[in-house]
Every structure is written in C-alpha cells, then in structure tokens.
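Visitor: This structure is in structure tokens; I'll ask about it shortly.
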Amino acid sequence: MTTNVYLDHAATTQVRPEVIAAMAEQMAVVGNASSLHSAGRAARRVVEESREQIAEALGASPSEVIFTSGGTESNNIAIKGAFGRSVAEDAGRRGLVVGTTEHHASLDPVEFLVERHDARVHWLEVDHDGVPSAQSLRSTLEQAGESVALVTAMWANNEVGAIAPVAELSSVAREFGVPFHTDAVQAVGHVPVDFAGSGADLLSLSGHKFGGPQGVGALLARRDVKLVPLTHGGGQERQIRSGTLDVAGIRGLAAAVSAAVEELAAENDRLVRLRDRLVERALGLDLGISVSGPYTPGDSESRLAGNVHLRVPDCDGDSLLYLLDAAGIECSTGSACQAGVPQPSHVLLAMGYTQHEARGALRMTLGRTTTEEDVDAAVAALPAAVERARRAHHAGRNSA
Ligand code: PLP
C-alpha cells in the first residue's frame, strides 16, 4: 500500500469509481458497434448514448463528437486533417497559426507538416503569463489570413495552467474565415466548456485528464469543417476516423465527462483553496520560490484551479522531482525530456524566462483525490529537497 502523495493530476488522474464500474460492466458484454446483429446494435446504442451524453455536457451536438484514442490523436486529426483539406482546395493556403506554448501533441504535427508538406508557421505569441491575445492573432491574420489553413491555440496550458481567451480568439479567426482548433485537453472537466459558445470549429479532449480511461478521447468537429482523414478503413467516425470503436472506453469517457462537469463548480472552489494554500506556504518558505503563470489567490478564471507551477532558483527541476519522489511526493517539472535529456521548458521560454530561470521548474497539479494533508506534506518536503538539489546544482556547475 503506497503512502505517496500524488500531485501530478495534469499528467493523468485517478479513474472515477463509477467509470470503472461502467467500463467493467461493458467489457463483459460482446459487441462490435458496426455489426448488424443484436449484440452489435446493443453496442451501437451504448456508443450513441455516450455520444449524446458527451455532447450534452459540452454544449455540442451529438453529430459533432468524433471518438478518438485521446488528445494526441484528436490534435493530429484536427491539424493535419484541416491542413490537408485546405491545401487540396487551394495549394496556396498552407499557413498555420500556432500558439508558442502548445503541447507537443500539437507542435509535433505542425513540425511534421512544415518538414514534409511545406506548411508555413505563424507563431501566436503569449505574454509573460502564458496567455495569447486576440489582438496579436488579429495582426497575424491581417497580414497572412488569406494563406492560413488553421489557427490552433490551447484552451488551458498544461504546464502553467494559463487559460486562454478562447471565445475572443475564435471570433477573430472567424472574421477572417479561418477554422479554429483548440486543444482543450486540460480544460474539459476543469473549466466550463461550451463548444457552441466557444466559437471553436474543432476541440480536442482526452478522458484520462478528468477521471476517464486512458487511451480514449474525442475531437468535437463542427459539421461544416472539412478534414481529410489520417487513417483509412471502416470510416466509423464520419469517415474522418476509422477503427473499431472502444465501446467500454467510450462509455467510461461519457460517465467521466458527465461527473466532472457536474462537480466542476464545487470541485473548483475546493481546489482553489488547496492551490492557494500550497502557493502561499511554498512562497513563505524563504527559499526564493516564485509562481509562474497568471496567479491571483481565489481566481480560477485565468488559471486552472488545480495548477501550481513554481520556479525554484539555483536548482534543476529534474533533481527536485527525483528528490521529492524519494520523499514520497510525486510531481513533475511540467516539461518533457527529449530523448532522456532534460530541456528547459519551451513554455517558460515562450513566456520570456531565460534558460537559467526555466531550469528549476516544478509543477504540482491537484485533483479530485488531493487533500489538505497532501498539500502540507508537499510543502514540508520542499526545504530538504531544495537544499540537496541546490548542492547538486552547484557541484555540477563547479565541476563543469
Ligand atoms: N494536449 C495537452 C494540453 C495535454 O496536456 C496532453 C497530455 O498531457 C495532450 C494534449 C495529449 O493527450 P493524450 O495523453 O490523451 O494523448
């Protein structure tokens, strides 16, 4: 039995008990949702009811829900699919407007399109808090709008928790007739998401970020958005996404979305209090720690309620992570290693931090199971971990 404190809910979070129950029940039942016999039709019914449930929870219509294997696939379909369609109709429309702090699940498909398909990127810059502005999107589109296939901008940032003005951004894109995609993987189930109200044409979500199963997600896509498919086969999902549907996973996804959306307001209040307690106590340790991203105590409109992102000077985030892990606190630096080598986060660099400042990043993300005791345990573990990480940092610099 582990007594570890899990503070990495943005990486993945516990599957809700009602989701496990629903999936277990479904997994015991045979049926391919594309089969015509009774078992197939029963599976199809589960899929369609789940589609309706997800649409209802997120302000979409059922026919806008395309099931996928999660955020990475949804982003790939949106970005490559919209680009492919745009170029097929007009070879000159190969521009992509991309937020500088996007997740690699968006940045890497963009890079692929640049390298292999001559896409042109226009970066949508963010401010020092990690928030892009509608004004800067407007200037980009004024200059390049005619040649842009898609704007992609995330709803909430996975590292620093910054929440973007999605409705403003999408309305600017619409003015210029450019489709707008938002990676809402960190937003769905955590902030109110209304697909129709957001004005987005495409929206990615992923079950395992809000108590659903890993490996199941969806792309919400307006009916008038044109996408070329990336996979070819049975054409199960609007001819855009092929492959036998994961009926149990889809049922679990729907159960998780409904539960998360229903609890959202109360859970947000609880998490904001825990987040603020963690920030206040960490800053009070007199270790020179500061917070990155938008931060006002009590606020969950500009920053995710469960996100704490700290910068600890004269430390390597990775050393801190391992030292805290050894002390039973599981958190993250927020940025991924590239081939096992820790890199300063592209998000912090895009926000204007130097390489040096970006080194000591520590992300603690709170979720449904987080308690006050967890927060206090994390704060209590910080001084010793920071002291040892600093010693290692100085030793490394002196021997370099
Ligand atoms: N987009 C964002 C903002 C994320 O945080 C993640 C996961 O960390 C993804 C996309 C990828 O989602 P998935 O793990 O479902 O592929």
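The values are calculated or read from the model by the stated rules, or taken from the named source; none is laboratory data. Being a predicted model, the structure only gives us computed values, none of them experimental. A quick note on method: Cβ atoms are made from the backbone with ideal geometry, for glycine too, and the neighbour counts reach across all protein chains shown.
A quick yes/no check of all residues on (1) acidic (D, E); (2) farther than 19 Å from R241 by Cβ; (3) at pLDDT below 95:
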| position | (1), (2), (3) |
| --- | --- |
| R45 | no, yes, no |
| E52 | yes, no, no |
| E56 | yes, yes, no |
| S63 | no, no, no |
| G84 | no, no, no |
| V98 | no, yes, no |
| F112 | no, no, no |
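Visitor: Within region 301-394, which helices (runs of 4 or more DSSP H) (wholly inside it) include 2 or more residues that are modelled with pLDDT of 95 or more, out of contact with any Pro (no Cβ under 8 Å at 6 or more places or on another chain) and crowded, with 18+ Cβ neighbours inside 10 Å?
Guide: Qualifying helices (runs of 4 or more DSSP H): 317-326, 346-350.
Visitor: Looking only at region 205-244, count every residue that is in contact with a His (Cβ under 7 Å, 6 or more places away or on another chain) and within 18 Å of T152 (Cβ to Cβ) and tell me the total.
Guide: Of the residues in that region, 0 qualify.
Visitor: Here are some residues: T140, T101. Which one is part of a loop (DSSP other than H, G, I, E, B), of a type in the set (S, T, N, Q) and assigned by TED's automatic domain parsing to the domain that holds G197?
Guide: Unique residue meeting the criteria: T101.
Visitor: Additional query: If you take the residues in region 117-158 that are surrounded by 15 or more Cβ atoms within 10 Å (Cβ to Cβ) and modelled with pLDDT under 95, which one is farthest from V228 (Cα to Cα)?
Guide: Only one residue fits best here, namely A144.
Visitor: Would you pick out the residues in region 82-102 that are of a type outside the set (D, E) and either within 16 Å of the ligand (Cβ to nearest atom) or surrounded by fewer than 22 Cβ atoms within 10 Å (Cβ to Cβ) (or both)?
Guide: If the condition is that a residue be of a type outside the set (D, E) and either within 16 Å of the ligand (Cβ to nearest atom) or surrounded by fewer than 22 Cβ atoms within 10 Å (Cβ to Cβ) (or both), then G84, R85, V87, A88, A91, G92, R93, R94, V98, G99, T100, T101 are the ones that fit.
Visitor: If F180 meets every condition in (1) farther than 24 Å from E56 by Cα; (2) crowded, with 24+ Cβ neighbours inside 10 Å apart from one, which number is that one?
Guide: Here F180 clears every test but (1).
Visitor: Could I ask something else about it? Can you pull out the residues in region 49-60 that are surrounded by fewer than 24 Cβ atoms within 10 Å (Cβ to Cβ) and polar (S, T, N, Q)?
Guide: The one that is surrounded by fewer than 24 Cβ atoms within 10 Å (Cβ to Cβ) and polar (S, T, N, Q): Q53.
Each row is one residue, and each column tells you yes or no for (1) buried (at least 19 other Cβ atoms within 10 Å of the Cβ); (2) within 16 Å of the ligand (Cβ to nearest atom); (3) under 21 Å from R16 (Cβ atoms); (4) of a type in the set (D, E).
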residue	(1), (2), (3), (4)
V228	no, no, no, no
T244	no, no, no, no
L274	yes, no, yes, no
V279	yes, no, no, no
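Visitor: Please state which of the following conditions G367 fails to meet, knowing it meets all the rest: (1) under 26 Å from the mean Cα position of the chain (by Cα); (2) closer than 18 Å to S292 by Cβ.
Guide: Result: G367 passes all but (2).
Visitor: Here's a follow-up. Could you list, in sequence order, all residues of region 8-57 that are in contact with a helix residue (DSSP H, G or I) (Cβ under 6 Å, 6 or more places away or on another chain), under 30 Å from N157 (Cα atoms) and outside any helix (DSSP H, G or I)?
Guide: Residues satisfying the conditions are T12, R16.
Visitor: Moving on to the next point. Looking only at region 61-81, how many residues end up being among the small types (G, A, S) and either buried (at least 24 other Cβ atoms within 10 Å of the Cβ) or not assigned by TED's automatic domain parsing to the domain that holds P213 (or both)?
Guide: The total comes to 5.
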